[in-house]
Amino acid sequence: MYMLVDNRTSSHLHLKRSPGIRSWSLFVGIASIGLAAAYYSADSLAWKLFYMAGCFFVAAQNLEQWEEAVFDKSKGTVCLKTFNLYKKILTFSKGGNEQVVALLNEIRDVNVEEETVRYFGKGYLVVLRFVTGFSHPLTQSAVLGCRSDVEAVAKLITSFLELDRVESQQDLSQSSETEASDADEPQDKY
């Protein structure tokens, strides 16, 4: 699953993402190697603690991030938050939380991008495109193989921000401008 809808109203959209089953499986697998090495070794207590702590840090480093996206029409902002357990542990709970805040009226488009993931194939993620030309991914990591889930989230955001209505209004105004300019040109009679 790419992102889950936590809360949705007409003025508020809250999306969340937690580490997936692959990430937790890798975490438990690496941590259990350290636990097994400490349990079955004949080394001193200091070495056993080193085995467990080292494997726990490697396991925490491979754990995916917790991510949130909060679209708030009343404030006119989108807030993208990430929480990383590894950074939180290394900085003694001073770091690990990152936050990006942008204005909703600056979002021009929402689309799905394909990303090549080494050894695994293709991953997909939602990208927010801004009027300034800047683009920012909704999440820091791509989801493997579930393009339909990612497209559903992109469509949900597009409909919440009413970007599909803005595009259709722009198309109508451009077509009416073209028809008006055609009417201004003199018609040659043969």
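Only residues in segment 110-123 that are closer than 14 Å to D149 by Cβ count as the first member; pair them with residues that are aliphatic (A, V, I, L, M) and open to solvent by 30 Å² or more (accessible area, probe 1.4 Å), Cβ under 6 angstrom, at least 6 apart or cross-chain, and list the lot.
G123/V117; G123/L144
If the requirement is being of a type in the set (A, V, I, L, M, F, W, C) and exposed (fewer than 14 other Cβ atoms within 10 Å of the Cβ), which of these qualifies: L90, L103?
On the way: L90 fails: exposed (fewer than 14 other Cβ atoms within 10 Å of the Cβ).
Exactly one residue qualifies, and that residue is L103.
For C55, work out the one condition from (1) within 20 Å of R147 (Cα to Cα); (2) part of a helix (DSSP H, G or I); (3) open to solvent by less than 60 Å² (accessible area, probe 1.4 Å) it doesn't fulfil.
(1) is the only condition that C55 fails.
Take the residues in segment 15-70 that are charged (D, E, K, R) and out of contact with any strand residue (DSSP E or B) (no Cβ under 6 Å at 6 or more places or on another chain), then tell me which one is nearest to K88 (Cα to Cα).
At the first step, the residues of segment 15-70 found to be charged (D, E, K, R) are 16-17, 22, 43, 48, 64, 67-68.
Narrowing further to those that are out of contact with any strand residue (DSSP E or B) (no Cβ under 6 Å at 6 or more places or on another chain): 22, 43, 48, 64.
Working: R22: 21, D43: 30, K48: 24, E64: 13 Å.
Out of the qualifying residues, it is E64.
For G34, which of the numbered conditions (1) among the small types (G, A, S); (2) open to solvent by less than 30 Å² (accessible area, probe 1.4 Å); (3) outside any helix (DSSP H, G or I); (4) over 22 Å from S148 (Cβ atoms) fails to hold?
(3)
Is it the case that segment 71-82 has a residue that's open to solvent by 30 Å² or more (accessible area, probe 1.4 Å), at pLDDT 90 or above, in a helix (DSSP H, G or I) and small (G, A, S)?
No, segment 71-82 has no match at all.
The values are calculated or read from the model by the stated rules, or taken from the named source; none is laboratory data. The structure displayed is predicted, hence computed values, not measured ones. When we count neighbours, we look across all protein chains shown, and the Cβ atoms used for this are built from the backbone with ideal geometry, even at glycine. Keep in mind that these areas ignore ligands, DNA and RNA; they rest on the heavy atoms of the full protein, side chains included. Shrake-Rupley method; radii C 1.70, N 1.55, O 1.52, S 1.80 Å.
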